[in-house]
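Worksheet: the structure to be examined is printed underneath.
Taken together, the values in this text are just the output of simple stated rules run on the coordinates, not laboratory data. Computed from a predicted model, the values in this text were never measured in an experiment. Positions of Cβ are backbone-derived with ideal geometry, glycine not excepted, and every protein chain shown enters the neighbour counts.
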Amino acid sequence: MCLNFACILKDLICSQHSRRTDPLNSCSAANPIKQRTNSYFVVGMVNTHQSFTWYNNSGNLCLEVFDLKIAIIDDEEKDREEVKDALIPYLHTLDFKTELCEYKSAEEFLEHFEKDEFDICFMDIYLKEMDGMTAARYIAKKDPNCFIIFLTTSPDYMAEGYDVRAWRYIVKPLKKDAVKKILDPCLEQIILSRRYLHVKSDRQDLDIPYSKIYYIITSCRNTIIHMQDIQVTVSSRTSFSELTQPLLKDYRFFCCNRGILVNLSKIKSMDKDTLTLLNGEQIPVSRNKIRDTKSAYLRVAFERI
């Protein structure tokens, strides 16, 4: 039986803890922390990186440190205020710095848009001049890691939203009680994408993003990290078990065979004892691990829905 991501439905679990009580700090456009928006809000401590506590699907406690940047693009001030009012109570529950930036047109936003500048964009579709869908196509092409959440008064463009891999499509207004359900799994994806594996290769220190790893294999006493189109041979002083130990704490990674660790989020399909990866490579699955591999694959597959 061939299993495919598109056939799977499930909600990911992502629990937040340690509620913050810091007041909302704000800066005007005349003197913002970073001059780029009409309105600028910082949720949490401006000069301090905080930890975000959460549990992954395997129940492992994880602590991450980073900033989160969110853009709100809407030509109606009232609608932008509604989005902020819905988001701010939720953002105060997170233990890391969050920046909220407003834009009243797609053109204004794209003037400031840079790769990796924003993590999440709340985008109105019915904007003046350039519409939100056109802007979303540009965002998806330039920065596919940016999560696009459409806000609109009509579900007419819902089908097109899939073309730009929109995270959600929400009919206005955005309700406070819906924010957690929308953003919890989104934040989990952002956190997972920012993890790095530190390795030594040819006397060089490398930090390889977890999200770029397809699989790791040991061969002829060498441990090789395979990515989409490149390979990295790890120093012989580092054993396969030593290298893969931190990855095994991440529920996306699984040892499907002796000396093979695969990133389950890079699997296109599984057919009996063979995994086909997104780049077309095939990985053999040990006979006594077929069942466990299938279960692990299905669990990770839900994140791509």
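Remark: the range 79-95, residue by residue, has Karplus-estimated 3J(HN,Hα) of 5, 5, 5, 5, 5, 4, 4, 6, 7, 4, x, 5, 5, 5, 7, 8, 9 Hz, where x stands for each Gly or Pro and the curve is 6.51 cos²θ - 1.76 cosθ + 1.60 at θ = phi - 60°.
Over the C-alpha atoms of the range 198-303, the Rg to Rh ratio, Rh being the Kirkwood estimate, stands at 0.95. When only the Cβ of Lys, Arg, Asp and Glu is charged (+1, +1, -1, -1), the dipole of the range 66-193 relative to its Cα centre reaches about 440 debye. With the simple spin-label model, which puts each label point 7 Å out from Cα in the Cβ direction, the ARG194 to ALA140 separation comes to 2.5 nm. Structure note, pairs LYS104/LYS176; LYS104/LYS181; LYS97/LYS212; LYS97/LYS141; LYS84/LYS176; LYS212/LYS268: Cα-Cα distances above 20 angstrom occur for LYS104/LYS176; LYS104/LYS181; LYS97/LYS212; LYS97/LYS141.
Taking amide H as placed 1.01 Å from N in the peptide plane, the amide H of THR223 sits under 5 Å from that of VAL234, each at least 5 places away or on another chain. Placing pseudo-labels 7 Å out from each Cα toward the beta carbon at GLN204 and LYS128 gives an inter-label distance of 5.1 nm.
Positive-end ranking of MET133, THR93, LEU110 along the dipole of the range 81-147, with charges on Cβ about the Cα centre, is headed by MET133.
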